[in-house]
Amino acid sequence: MKDNRYVSPPGALKFTKKKITVSEKDMAEAEEVFDTITDNMNATSIDDNTLDIIRIRKKNQSSNPAFSHH
C-alpha cells in the first residue's frame with residue numbers, strides 16, 4: 001500500500017485484542033476507496049515536517065487550560 005499519511009481523529013487508534021485478517025483484496029479495495037476520496041476532496045499528502053507541526057500544535061492546545069474539551 002502507498003505511504004498515505006493522515007492525522008487520525010482522537011480515539012481512532014484504541015487498542016483492541018480482536019484479530020482481523022486483512023486480505024490482499026481488502027488492501028486493494030481500501031486503497032481504491034482512499035484514492036477516490038482524496039481525489040474528490042482534492043487532498044494532498046502530508047509531508048513529515050507538516051505532520052510534526054500539526055502534532056506539536058495539537059499537543060500544545062491539549063495541554064493549555066484555556067482550551068475547553070466539552
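All of the numbers you see were taken from the coordinates with simple rules; none came from a lab. Treat the numbers as computed from the prediction; the structure is a model and nothing was measured.
Straightening the chain between ILE56 and ASP39 buys 3.4 nm, computed as 0.36 nm per residue apart minus the Cα-Cα spacing. Taking θ as phi - 60° and the Karplus parameters 6.51, -1.76 and 1.60, the scalar couplings of region 31-45 work out to 5, 5, 5, 4, 4, 4, 5, 5, 5, 5, 8, 6, 7, 10, 5 Hz in sequence order, x denoting glycine and proline.
For ILE46, the residues 5 or more places off, or on other chains, whose built amide H falls under 5 Å of its own are ARG5.
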